[in-house]
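Encoded as structure tokens, the structure appears first; notes follow it.
The values are calculated or read from the model by the stated rules, or taken from the named source; none is laboratory data. Only a predicted model underlies this, so the values are computations on that prediction, with no experimental measurement involved. Here the Cβ is made from the backbone with ideal geometry for all residues, glycine too, and neighbour counts use every protein chain on show.
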Amino acid sequence: MPREIQRKEMDKVIADHVRAARHADQAGFDLLEIHMAHGYLLASFISPLTNQRTDAYGGPLENRMLFPLEVFEAVRAVWPPEKPMSVRISAVDWYPGGHGPEDAVEVARMLQANGCDAIDVSAGQTVPDQRPVYGRIFQTPFADRIRHEVGIATMAVGNISSYADVNTILAAGRADLCLLARAHMWDPYWTRHAAFELGWPLPWPDQYHSLERFRPRFV
């Protein structure tokens, strides 16, 4: 059963994140993201639906953000300063009394003040009886609001599927990046197809150069 994490365990969580960040740098990754969304441990501190603590880590949003910020600051301290860091948040819990878009703006401000470079703006998955409002690019408005009210780069996610979706979001300045997962699962060559469709054919890997003359068929 869920229970309140204790200080000793919190210190271990911080140490685990720091170790993972060092490994990521050694492995050559260019960007590091900390997951503070979807009901996972750090997200459970942020949402009032899951954070029922009565100590310094519970209560108002500033208190609920204390531990997530401790983790972020520790990781930022060991992650190379020239490499960017992002954080994924749930902008809304989709449930009465839960975390809302206005809270997400404040969370983004706190993260920015601590050296965060970009906010990956997702939503929900905090409680099982959430009441999400789905639709085409349904989470983009949250990224749009944070980008303009906070002045931080945002990543838009959620039911972004077509090339037109991505171009529209970026051209309108609603986000700085678009992240697609299911679209790439459906079509692993989504990026190549998008580039070709928009008039930017990508070079083929060396091992496929023999098929160059068949490019229209194999794009």
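Scanning segment 92-127 for residues being hydroxyl-bearing (Ser, Thr, Tyr) and more than 16 Å from residue 147 (Cβ to Cβ) gives a total of 2.
Contact map, segment 12-33: residues that are in the same structural domain as residue 87 (by TED's automatic domain parsing) paired with residues that are crowded, with 16+ Cβ neighbours inside 10 Å and hydroxyl-bearing (Ser, Thr, Tyr), Cβ distance under 7 Å, separation 6+ or inter-chain. Pairs shown: 31/86; 33/86. Within segment 154-175, which residues are out of contact with any helix residue (DSSP H, G or I) (no Cβ under 7 Å at 6 or more places or on another chain) and surrounded by fewer than 19 Cβ atoms within 10 Å (Cβ to Cβ)? 159, 162, 164, 165, 167, 168, 170, 171, 172, 173, listed by residue number. For the condition under 14 Å from the mean Cα position of the chain (by Cα) and among the polar types (S, T, N, Q), residue 168 does not qualify. Among the helices (runs of 4 or more DSSP H) confined to segment 1-99, the ones with at least 3 residues that are of a type in the set (Lys, Arg) are located at 7-26.
On inspection, residue 139 passes the criterion of being at negative phi and of a type in the set (S, T, N, Q).
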